[in-house]
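Inspection log for the structure reproduced underneath, given as structure tokens.
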Amino acid sequence: MKHEQEAEIKTEIPLKHPNNSISPTFCVAMLKNGSTVKIEGRIEEFLQTIKESDFSWVNVQVDNLEEDSGKVAYLLGFTPSIISELVKQRFSGYEDLTTELSLLLPAVRVKALDVEVNKLIILIKNNIIVTIHGEHITRLVKFARYAVTFFKKVPKNLDDIDKISLVLVRILDENNERNFDGIRSIQEQGEEISKYLIETTGFRQQLGSDIYKMKHALISYLEALWASLDVIHYLRYGDAELVTDDPIILQKIGMLSTDLTRQISISEQMSSVLASGLEVLQSIYNNQLTQLNNRLSLLAVWMAVVGTAFIVPNTIATVFGTPVGEHVGWHTQLVIMLGTTLISVIFVYWFAKKRSLMPPKAD
């Protein structure tokens, strides 16, 4: 019955097998006879090698992490339920079943200001460590080129837990280093955005949108780093049965925590610089709005003056158009219209100045 279930699961896991020279599904093992091997292919092809190994690392790439990770865990001898709740977490997770340990870590990809946070699952049991991820994570495939050399450098006189812990630290370090590349991409985009701040014209609308995108990218990136730091904190004291308590190896885990803290500090500094940029942008917009209000105020005052210059003589002319005008000569009418118009215009202008309706002159 068990063999039938395994056969059914094998056919259901859609593993990736590109035609290039490096397969994303592989097994690196240190055999008990002291030799190191790397096998690429399907999971069932690794099982015999795993049994004959002193310690091993299996990397599996799947199409759907939530659906296929439990099947992969079952084929490799893990309890599928150990990751059923883990994959539902947003960025990070930690599950310790004493004899089995599972971790969920964020794997960050940054393209321009688009931050994509993928999930990386790590399973540990006895002398085997398993990494499961989707197709967008290629960092472990690249690291696999040097995994055989790394396995050879692991001291053979260490306990199994110490050996697996060293492999775990190396995988965590590789994931962190690739995550740290994201801040470089965000910094490059920040340099492109900062040059807009010295532009006196144009780019203003684009600048506001780009600064918002950069702020959102920094927040997403910081969330991923904090999530990674949470998982490292679970490991750095060696409380789990499957994690070493060797002080030298634990010091390596502590160094990972220090690196993450430094990257978080750099990201927060960038956030502060970005906040300063937003203040500068706000000052630019406020200055533009003030200039516009001043122009509108000046226009309103002169419209009032011009309106007075037309309304007053028009009103007097209307009065002179009545029988009253028959008793006033046209010379007198002209003097009255010109005099009242001049007096009215001067009065309106003086009133606007008195009430501070005239905008201040620009320096």
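Values quoted throughout were computed directly from the atomic coordinates according to the rules given, and no laboratory measurement underlies them. What you see is a predicted model, and the numbers here were worked out from it, not measured in a lab. A quick note on method: Cβ atoms are made from the backbone with ideal geometry, for glycine too, and the neighbour counts reach across all protein chains shown.
Counting other Cβ atoms within 10 Å as a rough exposure proxy, the listed residues Leu235, Leu342, Leu250 run Leu342, Leu250, Leu235 from fewest neighbours to most. Using r as the Cβ-Cβ distance of Glu40 and Tyr237, and R0 as 45 Å, what FRET efficiency do you calculate, to the nearest 0.05? Calculated transfer efficiency: 0.80. The Cα-based radius of gyration of the range 84-200, divided by its Kirkwood radius, gives an Rg/Rh of 1.11. Let me know the shape class of the range 63-149, please: from the alpha-carbon gyration tensor, a ≥ b ≥ c as square roots of the eigenvalues, rounded when a/c is under 1.5, otherwise prolate if a/b is greater than b/c, or oblate. Oblate.
When Ser23, Ser257 are arranged by Cβ crowding within 10 Å, least crowded first, meaning fewest neighbours, the order is Ser257, Ser23. Neighbour counting of Cβ atoms within 10 Å sorts the residues Val141, Val108, Val167, fewest neighbours leading, into Val141, Val167, Val108.
Summing Cβ point charges (Lys, Arg +1; Asp, Glu -1) relative to the Cα centre of the range 60-138 gives a dipole of roughly 160 debye. Within straight cross-link reach of Lys153, meaning Cα distance under 15 Å, which aspartates and glutamates are found once same-chain residues fewer than 8 apart are removed? Result set, ordered by chain and number: Asp54, Asp162. Counted residue by residue at 0.36 nm each, then reduced by the alpha carbon distance between them, the extension gain from Lys111 to Lys156 reaches 12.0 nm.
Here r is the Cβ-Cβ distance between Leu338 and Asn287 and R0 is 45 Å; the resulting FRET efficiency, rounded to 0.05, is 0.60.
Computed extension length for Asn64-Asp181: 39.6 nm, one decimal, from 0.36 nm per residue of separation with the Cα-Cα distance subtracted. A full extension of the chain between Ile346 and Tyr146 corresponds to an added length of 63.1 nm, given 0.36 nm per residue minus the alpha carbon distance.
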